Amino acid sequence: MRSLVLFRLDLRVADNPALTAAAARGDVLPVFVYEPDSYGSAAKWWLHHSLTALSQDLGGLVLHSGDTLTVVQSLVADHDISAVYWNRRYDPAGIASDTRLKSALGETGIEATSFPGNLLFEPWQIKTGSGGPFRVFSPFWRACQRHDPPALPLTRPEFSNIAPPADVAALGLLPSQPDWAAGFGPLWSPGEAGATERLDDFLNTDLTGYKTGRDRPDQNHVSRLSPHLHFGEISPRQIWHRTQHHCALRSGDQQDAEKFLSEVGWREFSHHLLFHTPSLPDENLNRKFDVYPWMDNADQLRAWQTGQTGYPLVDAGLRELWHTGYMHNRVRMVVASFLIKHLRQHWRHGMEWFWDTLLDADLANNAASWQWVAGSGADAAPYFRIFNPTTQAQKFDPNGDYIRTWCPELAALPNKWLHAPFEAPASVLSAAGVTLGGSYPAPIVDHKAAREAALAGYDAVKSHAV
């Protein structure tokens with residue numbers, strides 16, 4: 001009996017329930033259908049390399065671009081397929097596409113089965129006391145921890161693959177003329193093997209001190225697993241159980257591990273929100289924010305996107321993003337707050353930029369996190385919490401290592417002035433070779449004035465009745 005396995009954001013062989021089920025039936029035809037709208041520009045680079053690795057791991061992979069239903073129906077007929085298996089998606093477009101696929105296949109007598117393979121818990125499993133979805137993270141995560149533990153990961157199945165080697169280059173995923181992703185290669189190892197190695201390195205080297213060190217962009221206490229997890233090269237339950245096993249051997253890491261797993265929990269919460277509120281990427285979860293007086297300044301938006309705001313920590317983060325496809329999580333919060341609350345640009349502008357430039361761009365995480373910063377989402381940051389980018393830099397990059405890496409034109413400034421060069425005496429700037437408005441931009445907004453304008457805008461939200 002022949003089964004078709006439809007891969008999407010589950011590009012792994014181990015702990016892949018759909019593949020395991022198909023392998024138990026007989027021959028397997030692994031298939032990936034490329035849907036261009038599902039990926040930002042940076043993510044396409046990762047996808048190319050992840051599909052290449054997957055094809056090698058599987059021993060072959062059928063690649064197509066286009067409408068999933070049309071492609072699958074054609075392959076079912078051409079290869080005498082009797083069952084189609086896949087792991088579930090939870091975004092609105094994915095749910096609609098898979099529902100349509102399951103219905104159409106069922107009408108023709110083809111078995112169509114979906115499996116839980118991409119979350120620790122299905123979004124409908126975790127409920128409030130009244131049986132509804134959660135809107136606040138902490139009680140959500142406590143409910144997850146009270147639930148039965150995630151199942152043990154499945155081992156790598158043995159199977160007969162009837163697919164030829166994949167011609168991934170034919171999808172045209174890599175940038176050219178110019179190759180703006182040239183710096184990505186030395187930093188990342190897409191694929192299942194790279195994901196497993198990254199998790200092991202993190203647990204053995206960088207987990208200790210994670211609870212506090214994760215806020216320091218000048219240190220290595222971060223997992224950098226997010227692209228691997230987004231593309232499903234490693235499953236959340238593999239991460240969960242591998243981390244628990246590590247703590248059993250090294251109990252001193254327990255608090256750091258709990259904090260790390262709670263970040264995996266934020267991913268769960270984001271998918272929970274998106275599943276229960278499909279409009280999350282498009283509309284304020286709190287509709288009172290519909291009246292917020294957003295600004296529309298293309299020049300300031302472009303300055304933010306290119307790391308030319310005049311605030312070193314903000315600029316460093318956005319330059320890191322452009323050159324590596326990644327941004328440290330603490331810095332993500334600072335740059336997001338700056339766009340929303342200093343420049344008063346709609347959170348969707350930031351979400352769209354992150355979608356196109358992040359290797360780990362995930363619809364649920366992206367939408368939930370931007371709305372959290374804006375104050376319009378679930379478990380939202382207080383509207384009056386407006387990060388001061390200077391004090392944030394002084395606290396979390398005290399020696400300026402992160403800023404000097406990504407804003408080298410400021411490297412010669414003493415630490416006293418590095419975080420706010422616009423406050424430095426002219427003589428200090430001259431000695432460091434810094435010209436505000438020349439070698440480095442002057443601030444595009446004044447922090448105090450921007451903060452007051454943002455709070456005035458939030459006053460309109462507070463007084464608005466929905």
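Dipole magnitude for the stretch 287-462: computed about the Cα centre from +1 point charges on Lys and Arg Cβ and -1 point charges on Asp and Glu Cβ, it is near 420 debye.
Residues in the stretch 75-83 carry Karplus couplings, in order, of 5, 4, 5, 6, 10, 6, 7, 10, 8 Hz; the curve used is 6.51 cos²θ - 1.76 cosθ + 1.60 with θ = phi - 60°, and Gly or Pro positions show x. Residues of the stretch 200-237 with an amide N closer than 13 Å to a point placed 7 Å from the Cα of Asn399 along the Cα-to-Cβ direction: 217-220.
Placing R0 at 35 angstrom, the Cβ-Cβ distance between Thr113 and Ala170 gives a FRET efficiency of 0.75 after rounding to 0.05. Relative contact order, whole percent, for the stretch 2-117 stands at 35, derived from Cα pairs under 8 Å and 6 or more residues apart. Among the GluC sites (Glu not before Pro) within the stretch 259-295, those in coil by DSSP and having at most 16 neighbouring Cβ atoms inside 10 Å are Glu283.
The Rg/Rh ratio of the stretch 287-462, with both radii computed over alpha carbons and Rh defined as the Kirkwood radius, is 0.97. Over the chain, DSSP H runs of length four or greater, each weighted -39,500 (n - 2.57), average out per residue to a 222 nm ellipticity of -13500 deg cm²/dmol.
Counting lysine pairs in the chain whose alpha carbons fall under 23 angstrom apart, excluding pairs fewer than 8 residues apart on the same chain, gives 13.
For Ser65, nonlocal amide neighbours, meaning residues 5 or more places apart or on other chains whose placed amide H falls under 5 Å from its own, are Tyr34.
Near Val5, the amide H atoms lying under 5 Å from its own belong to Leu29, Val31, Tyr85; only residues 5 or more places off or on other chains count, and H is placed 1.01 Å from N. Each of the peptides 62-73, 326-337 was scored by the mean count of other Cβ atoms within 10 Å over its residues; in descending order, highest first, they stand as 326-337, 62-73. Could you list the residues of the stretch 436-462 with an amide nitrogen less than 20 Å from a label point located 7 Å from the Cα of Ala426 in the Cα-to-C-beta direction? Counting only backbone N, you get 436-443.
Converting phi to 3J(HN,Hα) with the Karplus coefficients 6.51, -1.76 and 1.60 and the offset θ = phi - 60°, the stretch 136-143 yields 10, 5, 4, x, 4, 5, 5, 5 Hz in sequence order, with x at every glycine or proline. Each label point was placed 7 Å from the Cα along the Cα-to-Cβ direction; for Ser103 and Ala298 their separation is 4.2 nm.
Ranked for footprinting exposure by Cβ neighbours inside 10 Å, fewest first, Tyr311, Tyr458 give Tyr458, Tyr311. Taking Cα extents along the principal axes in Å straight from the coordinates, which label in (i) 104, 94, 45; (ii) 68, 65, 40; (iii) 78, 51, 48 is the correct one? Identified label for the calculated read-out: (iii).
Under 5 Å from the amide H of Phe115 lie the amide H atoms of Trp86, Asn87, Arg88, each residue being 5 or more positions distant or on a separate chain, with H modelled from the backbone and absent for Pro and chain starts.
Taking a point 7 Å out from the Cα of Ser279 in the direction of its Cβ, none of the residues of the stretch 352-392 has a backbone N less than 12 Å from it.
Read-outs: derived from the displayed coordinates by stated rules, not from any lab. What you see is a predicted model, and the numbers here were worked out from it, not measured in a lab. All Cβ positions, glycine included, derive from the backbone under ideal geometry; neighbour counts span all protein chains shown.
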